Structure formats: C-alpha cells, structure tokens
Amino acid sequence: MNFFTRDIFMSNLLKSQLAEAVKTAMRAKDTARLGTLRFLQAAVKQKEVDERRELNDADITAIIEKQVKQRRESIAAFEQAGRTETAEQEKAELVVLQEFLPQAADPAEVEAAINDAITQVNNQGITGAPAMGKVMAILKAGLAGRADMSAVSAQVKARLM
C-alpha cells in the first residue's frame, strides 16, 4: 500500500467531505467559501498535530461546533456594534460550517431528550443544581452537533431551578 492509498484508507468521512468541498470551492472560484473551508481544515490539522493522532468524525464535529458557536457570538457582537457588513460575512461563514454538521434535531426531539435525561438523573437521586451537569453530559452525547447546546442548557436550567 503506497502513501496515497494509505492516506485515503485511513481518512474518515467528514475529513474527506471537507477536502472535496475545498476542491469544489477552488474550481468555482468561490473565495469566501474557500476561506471558511480552509480555516476549518487548518483547525482540524492543528488539533491533529497537537494531539498527534488522526481525528475521527466526532472530533471534527466538535471543532465545527466550536467554530459555529464563535460565529454566533461574533454575529451578535457585530450587530450590537452596528457593523452589519461584518456580521453578514460571519453569517455566510456560519452557513458554510453548518453544512458539515449532522441534521438539526427538531424541537420535539430536543424536548424529549431533555425529559429523558432529567428522568435518568432524578432516578439516580440527583436533583436541583447538581443535576445540571449530569443532564447536560447526557444531552451533549445525544445531541452533539444537532442542537444549539447553549439553548438546550437554558431549557434544562429553567426546568431544574
């Protein structure tokens, strides 16, 4: 097995989708999209170098979630400061990043997951504020990349407190 086939063989689905999206953006001369994709690729490579291992889809999804959260915070800050052009650029980057996340969970699914998690934690005898961390750990595992975890956290907090 030569270097190239080994590299393709060892790669995962999300990483190969990202590489293909970069090539497509280059061919289409879509510089805005290309910049966002390259930034994401660089973040993935940096994490691989830092941890000295190849990342799997779950690791890459976590990186994408982190970048999505950063974009949302930036959009809010730019809109509050009246910098609408920069906010629009961040929104465009957010759309590109969200393409690589799993299909979003609908509100009913999120609600059911919250109910199940709270029930599981309450059955362990944990209630009130200490239950928050346990519930969020369960939800993060089930809803990672499919829901805005800050919104989910607010819903859980409202239920528990």
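FYI, it's all coordinate maths here, none of it is from the lab. Quick caveat: nothing in here was measured; it's all calculated off a predicted structure. When we count neighbours, we look across all protein chains shown, and the Cβ atoms used for this are built from the backbone with ideal geometry, even at glycine.
About its Cα centre, what dipole magnitude does segment 107-160 give when the only charges are +1 on Lys and Arg Cβ and -1 on Asp and Glu Cβ, stated in debye to the nearest 20?
Once rounded to the nearest 20, the dipole reads 180 debye.
Here are a few candidate values for Rg and Dmax of the Cα atoms in Å: (i) 21.6, 74; (ii) 18.9, 58; (iii) 16.3, 62. Which one was actually calculated from the structure I just gave you?
Only one listed value fits the structure, namely (ii).
Which whole-percent values make up P(r) of segment 3-98 when all C-alpha to C-alpha distances are grouped in 10 Å steps starting at zero?
Once binned at 10 Å, the Cα pair distances of segment 3-98 give 15, 42, 30, 10, 2, 0.
Of the lysine pairs in the chain, how many meet both conditions: Cα atoms under 18 Å apart, and a spacing of 8 or more in sequence or different chains?
14
Give, as a single signed number, the net charge of other residues whose beta carbon lies under 12 Å from the beta carbon of residue 115, with Lys and Arg counted +1 and Asp and Glu -1.
Surrounding charge for residue 115 is -2.
Charges at C-beta only: +1 for Lys and Arg, -1 for Asp and Glu. How large is the resulting dipole of the chain about its Cα centre, in Debye rounded to 20?
About 320 debye.
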